[in-house]
1. Name the residues whose placed amide hydrogens come within less than 5 Å of the amide hydrogen of Lys81, ignoring near sequence neighbours (fewer than 5 apart) on the same chain.
2. Could you tell me what fraction of 2.2 N^0.38 Å the Cα radius of gyration of the chain comes to, as a two-decimal ratio?
3. Report, in degrees rounded to the nearest 10, the 0 to 90 angle that the Cα long axis of helix 155-165 makes with the longest principal axis of the chain.
4. In terms of modelled amide H atoms, which long-range or inter-chain residues lie less than 5 Å from the amide H of Glu59?
5. Return the subset of Lys68/Lys103; Lys158/Lys192; Lys68/Lys192; Lys81/Lys158; Lys13/Lys68; Lys171/Lys194 for which the Cα-Cα distance in this structure is over 30 Å, preserving the input order.
6. When Tyr35, Tyr104 are ordered from fewest to most other Cβ atoms inside 10 Å of their Cβ, what list results?
7. Using 7 Å Cα-to-Cβ label points, what is the Asp169/Ala122 separation (nm, one decimal)?
8. Please enumerate, by chain and number, the aspartates and glutamates with C-alpha under 16 Å from the C-alpha of Lys110, excluding those fewer than 8 residues away in the same chain.
Amino acid sequence: MTAGELLNHFNMKTSSMGLPRVLEGVALDYLNDAYRLFVAGIDGVPDEEEIALEIGETEIVLPPYVLKVRSAIRADGRFIKIVNRLDTETTTAVVDSGLGAIKYFMLGAKQGVMRVVESPIAAETVLLDVDRLPRALLTATSALSDIAELRQLGLADKMVAHAMMLNPDPKIRSQADGFELRFTAGIIGARKEKSRVKSKPARLMAYGGI
């Protein structure tokens, strides 16, 4: 489904409820808000992010949509260990910067920044395994690919709730909570599904698929 198709569904839904038509630009703002909230509610979607490192670079500013960095791999196929700032207080991790092969990425010292230990002696590209929010705002032609297809129509519940909350009629505003609850229930269900999918490989390894 595209954002435009969901906007059409939203317009039909609000029309059938007797609500005023929402301008397309405003409806798209509602959709972007619902989309981001849904993806954040499931703790982001798994993806890969390429980071270019220059010689002697000591810090990497992560894109604002990155929620969590799970692993990092160099161009030669070797993994870079990722440690938290607090881990360095209880482990033997070397955190002094210098030039050499990258040993660690350290998170937690600054918001949205990874520290490089050691700094690279040559420019290279690192591939990060991340959980992220939507990369950019939706347009009418955007695919809602960060959310499972069966969950996409649920975004309209949040959009309807938003429209109802701005209605001057208090009786209509009072009905918004029901749509908010349905939207939240969809997030909870999607988060459980994501958790089951993540745990399935471990079950297959440990229990032979049972």
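Nothing in this text is a laboratory measurement; each read-out follows from the coordinates by a stated rule. Quick caveat: nothing in here was measured; it's all calculated off a predicted structure. All Cβ positions, even for glycine, are placed from backbone atoms using ideal geometry, and neighbour counts span all protein chains on display.
1. The answer is Phe105.
2. On the way: Rg = 22.0 Å, N = 210, 2.2 N^0.38 = 16.8 Å.
Against the compact-globule rule of thumb, the ratio is 1.31.
3. With both axes taken from Cα atoms, the answer is about 60 degrees.
4. Val116
5. Numbers: Lys68/Lys103 19 Å; Lys158/Lys192 20 Å; Lys68/Lys192 19 Å; Lys81/Lys158 40 Å; Lys13/Lys68 36 Å; Lys171/Lys194 37 Å.
The answer is Lys81/Lys158; Lys13/Lys68; Lys171/Lys194.
6. On the way: Tyr35 24, Tyr104 20.
Least to most surrounded, the residues fall as Tyr104, Tyr35.
7. Each label point is offset 7 Å from its Cα along the Cβ direction, giving 7.0 nm.
8. Reachable aspartates and glutamates: Glu57, Glu59, Asp87.
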